[in-house]
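Quick notes on the structure that follows.
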Amino acid sequence: MVRGVEVIAKAFGWQLIPEVIYVTYSFIIFGMIVAITWYVRFLEEEYPFIIKPMERGSPGGNGEKLLGAYIVSGARSRIVDLINMIRELNAPILVFTRSPDFYRGLGENIRTVWITQASEEGIPPTKLHVIQEYAIRFAKENGYAVIIIDCLEYLLIYNEFPSVFKFLVNLKDHLLMLNSALVLAVDEKALEQRQYTLLLNEFEPL
């Protein structure tokens, strides 16, 4: 716009004050720098979840922890059985799911994250790196955690299987180094046989 004013002023012989032009250009350049900086921060943005360590009760059972990477196939009721088992051990549980209400009321040691494309309250399925960083941070903050992925089919709608598989393997490796556990809930009927076989190579059936 300023350049347009200069062109018009020259065409009509108007006199412009150089200082005003310089100051105006300076503000424009400063504004562009600020806008670009905020845009880059937006692209690299992590969702501003504040993870607080979960309170634990007195140790239950024999004090054993669920460690490693596991796959649960079939009905979702098996996930409830798994959670009930872990709840007895007072383990912090983080569930990435399409159905947060399903896990509501199962215990104070269970935290859910809604995977959705429609709300800022959850994490979009395309943000696999955000899901991974959130899970790792949760395990670090609590010293130990069980991470449950109960939205695999939904992730595959928005991502190719190789990308999702790499994400799961990377998350598994990070959690193993943190002495935590990763549990993957799947409906094997929604996967190709080759895809399910690859998952079984990395995750032990539970």
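The values are calculated or read from the model by the stated rules, or taken from the named source; none is laboratory data. As the structure is a computational prediction, the values presented were derived from the model and not from experiment. FYI the Cβ positions are ideal-geometry reconstructions off the backbone, even for glycines, and counts take in every protein chain you see. These area figures cover heavy atoms from the full protein model, side chains too; ligands, DNA and RNA do not enter into them. Shrake-Rupley method; radii C 1.70, N 1.55, O 1.52, S 1.80 Å.
Of note:
- Qualifying residue in segment 90-103 (condition: surrounded by fewer than 16 Cβ atoms within 10 Å (Cβ to Cβ), modelled with pLDDT of 70 or more, in contact with a helix residue (DSSP H, G or I) (Cβ under 9 Å, 6 or more places away or on another chain) and part of a helix (DSSP H, G or I)): yes
- Residue selection: residue 97 satisfies the criterion of being in contact with an Asp or Glu (Cβ under 6 Å, 6 or more places away or on another chain), under 30 Å from residue 193 (Cβ atoms) and not small (Gly, Ala, Ser).
- Scanning segment 159-192 for residues that are modelled with pLDDT under 95 and assigned to a helix (DSSP H, G or I) yields 188, 189, 190.
- Total residues in segment 128-152, condition open to solvent by less than 60 Å² (accessible area, probe 1.4 Å) and either among the hydroxyl-bearing types (Ser, Thr, Tyr) or free of Cβ contacts under 8 Å to residues at least 60 places away in the same chain (or both): 13
- Boolean, residue 125 is over 22 Å from residue 178 (Cα atoms) and touching a residue at least 12 places away in the same chain (Cβ under 8 Å): yes
- Taken together, the criteria place residue 120 among residues that are farther than 22 Å from residue 175 by Cα and either of a type outside the set (S, T, N, Q) or open to solvent by 20 Å² or more (accessible area, probe 1.4 Å) (or both).
- Hits in segment 81-102 - residues which are within 13 Å of residue 185 (Cα to Cα), charged (D, E, K, R) and either touching a residue at least 12 places away in the same chain (Cβ under 8 Å) or touching a Lys or Arg at 6+ places or on another chain (Cβ under 6 Å) (or both): 98
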